[in-house]
Amino acid sequence: RERNKMKSRIHENSVMNGINGYCDERYRALIKTGFIIKTLLASCLLSYWAGRAARPLLFQSQHPELESPKGSSLSFEGRKYPAYLSQTFKTPRKASSSSWLLNARDTMTLIAEDNNSDGCGVECRVEDDEDDDGDDDDDDDEEEAEAEHLMVDIKNVDDSFLNSERRLANALLELVSEAKLTLLSYHCIGLVPKGVSCVGLLKKNYVSLHTWPERGVISLDLCVGGTSASLFPLMPIIERIFGVPQASHLPSDLSGKKIEVKWARKFRGFDHDERINDLSLFVVNDLGPDRKTEVVTVQTDYQTINIFDYEFKSTKTLINLNSLLHHTGFHDPKNPLVLRPDRIILLDGWLQSTLHNEAAYHEALVHPAMFAHEAPKRVAIIGGGEGATLREVLKHNTVEEAIMIEIDEKMVNVSRQYIPEWSDCSDLEGSANCCVDDPRSTMYYEDALAWFMNRYSNGNSTAGPIDVIIVDALDPESEIPFSKALYSDKTLMEAFNNAMPSDGIIIMQLGETPQLFAADETRSKFKNRAATEKLLEEVGFESVHAYEESHCGFGGSWEFMVGFKSWSSRKRWYANPAEVELAMQKRGVRTKSGQSPFHYFNGATMASYQVPSRSVENVFCRRQPVPPSCTNKTYMYNPERPNVPTSLLEVKASSLGENAGRGLFTKVDIPKGSYIGGEVAGATIRFFPSTREVIDGLYTSCNATERELEVLEYYMDGYGFTSRKFGKAEVLVDASILTFVNHGCNGTYNTGRVTKVNELTADLETPIDELNGRIHSDSLFDPVIDRH
C-alpha cells in the first residue's frame, strides 16, 4: 500500500512538471531559443567552409578518378557504358536576352594543366554577379523563338586529338571563352572503340561535337539564340582550335593532308527575319561546298560587300586533284584556274559574278552591242563597280573614252584589292595593270541617274554624244528605289536617248530568264522589264531584242536586252559568225601574250544571241491583250493548214504582160490560207545584206567576172524578193518551182502576207515603221517575230 501511494505522488509530480517519468528538480535546466538558432547557424557555416577548404584536396589530389573516371564504366541492364567527365559552373541567377555576350575573359579562367595527363586538367571559375539582386529591366521582355545554328565539319584532323576527352574538353572551353559565351555545364563521353561526344549547355542553347578519329573527322554544332550577332566571325576561331593537323612524324593515313572545312549557317525557330537571297541560299546555308571561306565583308555607305572563296571539287575535273596539288611541277598555262577555288562577290546578299564565270557574263553583256555598232568611240557604263565591264569595253580599239559612273567608290577599291582579275588590263597593249588606270578610262563616283539627267535632260547635251550605254546595275525586279527609277523612269530614258546619236545602242542586264511556264511579266515581279520595253519605244528606239546566256554562273540562264535607235543597226546584230569573227580580228586590242582578248565571245556565240528563247516567247504571249503576232499563225508552221504539193503546180508563161516572163500556176483550186509547196519551202536561198553588198561591190569593180556577176544579179533581182528584217535589204529566192511565184512588184500578188504598203502605194509620207517591216506587230519588242 505504501509503495502504491509513492507511485501516485511521483505520477502527479510528473504531470505537473510536463515530463514523463521520474524528474529530480535538482537537475532541471532552461535553454533559450536564441542559443539554439545561433548554434545551428554556426554549425552550418563551419560545415560549409570545412567542405570548401577540403574539396580541392579531396578531388584534385587524393581522388583524381572522381574527376575523370576514364578507365571505369557504368552498367545498366547488363550493358556497359563508358563513364564521362563533366563540369558544372556557377552562374548568375538572372540573365537577360541582351546580356548573353558576357566577357568571358573576365569571368572565366581556363587553366590547362599537363597536356599528357589523363585527367580533365581544366579549372573554370565564374565570378559572382555583383548585381544578382538588382532589377533587370530586360528580364521581363518576351523572348523571341529564334536561334542561329552554325554547323561545321572538319576533315584530316589529328586522330589522337579526336580521341582525347581532355583535349576536346579544353578545346570546347576555349571556343566558349573566345566566343564570349556563357557556359552552364558540359559533358564529354568517350566512345568504344574510338571517338568522343561532347555537349555544352549555354545560357541560350548549346554547343556540341562528335568525332570519328579513324577518319579524321569532327562535326561541331553551335546554336545560339537571342542575338542578332552573326556567327560568321567564329569560323577562323573554330578552324584554329579544332583543325589540329596530323603530326607528320607519326605513321597515319592522315599525315600530311591539308585540313578541309565545310560549314553552313541556318536560322532556327519562327521569329527570325532572315532575308532569302543568294547569300543565304547558296553560301551560308549550303553545307555542300568542299570549300567556303569568307575573304572579306565590307559595309559601305550604300551596300554590303561579301567575297567568298567557293569550291566544289566534284565539278573541277575527273583527274585526281590531290595528286596534282602535290605535284610541284604541275602547271596548265591554258587553264590557270583549274586548281583555284571559285571566288564569288555578293552585294546585299545577291550574287554579282564569279571568278570562273565572270568572263562569260561580262562578255555577253558588252560585246553583242559593241560589235553591233560600226565604230563605238565613247561608251558609258552605269554601275560595274568590279571593273570587268570596263575591261571588256577597253578591248575595242575604236574606243576613245570609256566613262564609268559608279556611286560606290569603296566598291571599286575593294574589288581592286580582293578580286583584281575582274579589272586586269595588264595583257592589253597600251593599257595599265588595272583598267581603272587606263588612259581611256574616265571615272565618276556619283549617282548615274543624276549624271545623265544633269547632262542630257530636256534635249540638252552638254557632255558630247555617247555611242553605247551599258547598264550593269541592279536587276529590274529589285525592290530598291534606284532599280525602279533606272528601268521605269521615262525622263531618264529620254536622257539616255538624248545622249546617243542616231545609231546609238543601249544594252542592259535584266536578271534571270523567265521560266517556260512563268506568268506574264506585266503582272509579275518582272514588270519593270515590260516597262523598259515600252519606254524604249516611246522615246524613239526602233528595234529591241532580248537574248540570254546560260554560263554566267548564277545557277540559271541570264537575260539581256539591247535597244537600237536605228533600224539599220540590225544589220550588224544579225551578222553571220564569219563576219563577227572578222570584226573581232580587226577591232580587238592586241595583247602582250599574243592571245585573243576575248575568252568567251565569238561568232558562234553571237549567233546564239540572235534568236530569243522559247520561254521568252511564251511569257510574251501571255500578255493581256494577247499580242497579234501570237495569234497570227503565218509566223510558224501550222500542221492544221492544208498544203498543195508542187506536183499540183506548173510553170507557164505569165499572163501579167508581154515581158512578165514565166509564172507559177495551179492545176487545182487552192483553199484560201493553204500552204503551197510546203515540203520544199524551207530550202529558201538567202542573200544576207552583207552578202548582197559584196556582190554589188564586185559587180561594179571587177570586170573579169562581170558576166558571172551579172547573171547572179539578174537571178536575185528577177526571182527574189527583199526583206528588211536584218536592218538592210536582204534577198530571198524560193526553192524549186516556187522560184516562179510572183511576189508582186506592182502589188499584184495572191501569195504571202497581206500588207498595207507595196511599191505602188508607198510614198514619202508612209510611216517609217511600216517600211521597216513592223506591219505585223504592235510592239517594238516582239520575240515571236524574232524567232519565226
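A few points about this structure:
- Over the C-alpha atoms of the range 388-439, the Rg to Rh ratio, Rh being the Kirkwood estimate, stands at 0.95.
- Sequence-separation-based contact order of the range 561-619, relative, with Cα cut under 8 Å and 6+ spacing, percent: 37
- ³J(HN,Hα) computed for each position of the range 712-726 - Karplus, 6.51 cos²θ - 1.76 cosθ + 1.60, integer Hz, glycine/proline x: 5, 4, 5, 5, 5, 6, x, 10, x, 9, 9, 9, 10, 4, 9
- Close amide H partners of Ser353, meaning residues 5 or more places away or on another chain with modelled amide H under 5 Å apart, are Ile345.
- The Cα atoms of the range 517-606 cover 50, 35, 21 Å along the three principal axes, with the biggest extent listed first.
- Residue by residue, the range 153-159 carries 3J(HN,Hα) couplings of 10, 10, 10, 6, 8, 3, 5 Hz when phi is fed to the Karplus relation 6.51 cos²θ - 1.76 cosθ + 1.60 (θ = phi - 60°); x denotes Gly or Pro.
- Across the cross-link table entries Lys525/Lys571; Lys194/Lys258; Lys395/Lys484; Lys490/Lys725; Lys534/Lys571, which are compared at the Cα atoms, the separations over 25 Å belong to Lys525/Lys571; Lys395/Lys484; Lys490/Lys725.
- The range 545-607, accessible area per residue, ligands and nucleic acids excluded (1.4 Å, Å²): 41
- Coupling constants for the range 685-696 follow from the phi torsions by the Karplus curve (6.51 cos²θ - 1.76 cosθ + 1.60, θ = phi - 60°), and in residue order they are 8, 10, 9, 5, x, 5, 5, 5, 5, 5, 5, 4 Hz; glycine and proline get x.
- Rg and Dmax, both from the Cα atoms of the range 671-733 and both in Å, are 14.5, 49.
The values are calculated or read from the model by the stated rules, or taken from the named source; none is laboratory data. Remember, it's a predicted structure, so these values are computed and weren't measured experimentally. Please note that ligands, DNA and RNA were not included when accessible areas were found on the heavy atoms of the full protein model with its side chains. Shrake-Rupley method; radii C 1.70, N 1.55, O 1.52, S 1.80 Å.
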